[in-house]
Amino acid sequence: MFFPTIARQRGIPILVIGIICTIMPIFNIVIRPLSGYVTDRWHCRKQVFLGSILLNAIITPLIHFTPDFNDKKYSEALDIMTYWEFWIFMTTVTVRLLLWMVGDVLQDTICLEILGDDKKNYGKQRVCGAIGWGISTIMVGACVDWYSVDAEHKNYLPAYLISMAFLIGHFIVASQLSQNQACTSKSMSEGIFKILCDVKVCSYLVWAVFSGIFSAYIWIYLFLYIEDLANIHHRERLPYIKTIEGLSVTLQCLIGEIPIYILSGYILKRIGHMTAFSISFALFSIRFFLYSIIKDPLWVLPVELSNGITFTLAFVAGISYAAKVAPSGCAGTLQGLFGMAFHGVGISSGSLIAGYMFERMGSSASFGVISYVAFIVFLVQLSVSRLIMRMSKSTENATPDKRTTKEFATCPENMVNSSLSN
């Protein structure tokens, strides 16, 4: 969450930040499905998972020691890419991101495998993750503000050290997991291909892409937007701006997300996975519109309570739907495809679009435009989902019940009537 503010403080223009946040998620297109396929194929899910965690713990603090290039002079935004200091920073950050991608897709797969047939309770397992996000961001934000008192720029060393400590703790706990990976289906490729030919699954991946695009505006640019509000309208908020940024995520997670995670099984059972996407897109539209009219950074905080519906409901629907339709032994592969759509295509595209809009239009105006886009997507998604549902019902009604037809044909009374008719 703090990456865009760290990058801008180091002297990277917003347009370049947008390009970076476009390119890096593209790795999801390869890394997530590949991680799922490899660990499904060779039954090494736990080993790869633990390796990604440990390496991440080692690499994260190295970001602090990469050379600073804030004093570099350049005439065009893209000129920053000609400095070797920029590429050392980017290489370190990219390696860390790749390791996070591997761990992220595998931890969801492991969690769903442990749940077995109780996959609708996946949201309840995510409650602990929401608590972790909520507590860590406010803690990191406050520590960075405290450690940077009277400094010209914010010092993010506490963030890197806290991250490393939690990753080590994560490795220790995850190493205690039992190895219960399901056997791979012999027709693994056929099963995945058959699922991808289903129009409902294809539409589900499209909605995952749009959910990723809208999420990118918040994940990557929310903190920049909050800082813009402070710099333009309320400079008195700047001394504790990192605390406000951290508190925004705390409200997103602890109050916005946890109730939805707890009730997600019940909600999805009542409304279905596709309706969950519809509700999410509608609330995204309202949320973006509110961002466009706010002037005080503190008024952003109440809006963050909507994160439980905009992000959490759609994300849980995506994860649980992938688990629901995945053939035996292919859970990791299908989770990887969902991650590819959401992170690889969605977050990447959203980062590029948002970066361009923020650079040309400013943050508030950009959120105003994307609010209308989200509303249009909501209308289209609702119409398409209803059309697919009607087509599915029509197909089911048109298909004869083979068992009933056979029973009718072999019934003695009907055989006699048929003979008399002949």
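The values are calculated or read from the model by the stated rules, or taken from the named source; none is laboratory data. Quick caveat, the model's predicted, so the values are computed rather than measured. Cβ coordinates were reconstructed from backbone atoms using ideal geometry, including for glycine residues, and neighbour counts include every protein chain displayed. Accessible surface is based on the protein model in full, side chains and every heavy atom, while ligands, DNA and RNA are left aside. Shrake-Rupley method; radii C 1.70, N 1.55, O 1.52, S 1.80 Å.
For the residue pairs Lys72/Lys295; Lys242/Lys324; Lys194/Lys393; Lys324/Lys393; Lys46/Lys200; Lys46/Lys154, the C-alpha atoms sit more than 30 angstrom apart in Lys72/Lys295; Lys242/Lys324; Lys46/Lys200; Lys46/Lys154. Here, the range 260-346 has an Rg and a Dmax of 15.3, 51 Å when only alpha carbons are counted.
By the combined test of axial Cα extent (at least 24 Å) and Kyte-Doolittle hydropathy (mean at least -0.5), the qualifying DSSP H helices of the chain come to 14-42, 84-115, 122-147, 157-174, 199-219, 273-293, 363-398.
Using the Kirkwood radius over Cα pairs, work out the Stokes-Einstein diffusion coefficient for the chain at 10 °C and 1.306 mPa s, in µm²/s as a whole number.
68 µm²/s
Charged neighbours of Ile260, selected by a Cβ distance under 12 Å, balance to +1 (K, R count +1; D, E count -1). Take 40-50, 93-103, 11-21, 307-317 and order them by the average number of nearby Cβ atoms within 10 Å per residue, most first; the result is 307-317, 11-21, 93-103, 40-50.
Entry note: the range 2-48 has Rg to Rh equal to 1.25, where both radii use alpha-carbon atoms and Rh is the Kirkwood radius. The order of the peptides 241-249, 147-155, 26-34 by mean Cβ neighbours within 10 Å, most packed first, is 241-249, 26-34, 147-155. Taking all protein chains into account, the per residue accessible area for the range 199-318 stands at 34 Å² (1.4 Å probe). Scoring 270-281, 59-70 by mean Cβ neighbours within 10 Å over their residues and listing the highest first yields 270-281, 59-70.
With the helix formula -39500 (n - 2.57) applied to DSSP H stretches of n ≥ 4, the chain reaches a computed 222 nm mean residue ellipticity of -24000 deg cm²/dmol. Counting only protein heavy atoms and a probe of 1.4 Å, the accessible surface of the range 1-58 is 77% carbon and sulfur.
Carbon and sulfur: what percent of the range 84-145's accessible surface (1.4 Å probe)?
Taking all protein chains in place, the range 84-145 shows 69 percent carbon and sulfur surface.
In square angstrom, what is the accessible area per residue of the range 24-175 with a 1.4 angstrom probe?
Values: 7870 Å² over 152 residues.
Normalised by residue count, the accessible surface of the range 24-175 is 52 Å².
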